[in-house]
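First up is the structure itself, then whatever we jot down about it.
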Amino acid sequence: MDQDETELVRRAALDEDRDAFSQLVRLHQSGLRHFMARLTHGNRPLAEELAQDAFVKAWFSMRRLKLETSFRSWLYSIAYYTFLDHCRRNRRKAEPLDETLPDPCDRGTGPAVQRLDYEQAMNLLQPEEVALVDLHYKKGFSHSELAEALNLPLGTVKTKLRTVLQRLSTGLMEGIR
């Protein structure tokens, strides 16, 4: 976090400064929306709704944020758990808005696909695996930031990330043949 962002976080958390929080939203909204779109397999309306929910939850939780905690990791953790809560609430009634879109809450247990490209491969991953790959490779999260955001031990993050990459690599290579 740069010095300006640190000051915004301090003002939002300690002074309940709405303007400071609005600036933090502007700084992180694009990345967070893309992350949610990845988790929802491209269901943009759902991704927008969940991102908005995550920002609202963040605002109401700002007073509990420890200032030494990475705001970005904390925010993405809220977003990830907002997505998981959505999946739990909608488990029985979940149907994609568009029949061509996979169910974002699907744990990737469907039939194997013959030819995989990157997007198709990502659609086969479990939400936690999508989060790991997206946050690490698209958002530049370090292993320790991933551990903090996803509430996982550091060793588990490294192992799961390596396992997911091996699965993706195998799936992509099989799709080329």
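The values are calculated or read from the model by the stated rules, or taken from the named source; none is laboratory data. Here the structure is a predicted model, which is why all the values come from computation and not from measurement. Quick reminder, even Gly has a Cβ in these numbers, built from the backbone with ideal geometry, and neighbours come from all protein chains shown.
Computed values, structure above
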item	result
Index of the failed condition, Ser144 passing every other in (1) at pLDDT 85 or above; (2) surrounded by fewer than 17 Cβ atoms within 10 Å (Cβ to Cβ); (3) touching a helix residue (DSSP H, G or I) at 6+ places or on another chain (Cβ under 9 Å); (4) more than 22 Å from Phe71 (Cα to Cα)	(4)
Close pairs (7 angstrom Cβ cut-off, 6 or more residues apart or separate chains): of a type in the set (S, T, N, Q) in region 66-77, surrounded by fewer than 17 Cβ atoms within 10 Å (Cβ to Cβ) anywhere	Ser70/Met1; Ser77/Asn151
Of the criteria (1) of a type in the set (S, T, N, Q); (2) within 24 Å of His143 (Cα to Cα); (3) touching a residue at least 24 places away in the same chain (Cβ under 8 Å), which one Asn43 fails	(2)
Wholly enclosed helices (runs of 4 or more DSSP H) of region 1-62 bearing at least 1 residues more than 13 Å from the chain's Cα centre (by Cα) and more than 18 Å from Ala79 (Cα to Cα)	3-14, 18-39
Test: residue in region 71-83 that is of a type outside the set (Asp, Glu) and surrounded by fewer than 15 Cβ atoms within 10 Å (Cβ to Cβ)	no
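Matching residues to (1) more than 13 Å from Thr40 (Cα to Cα); (2) at pLDDT below 80:
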residue	(1), (2)
Arg107	no, yes
Arg115	yes, yes
Glu119	no, yes
Glu128	no, no
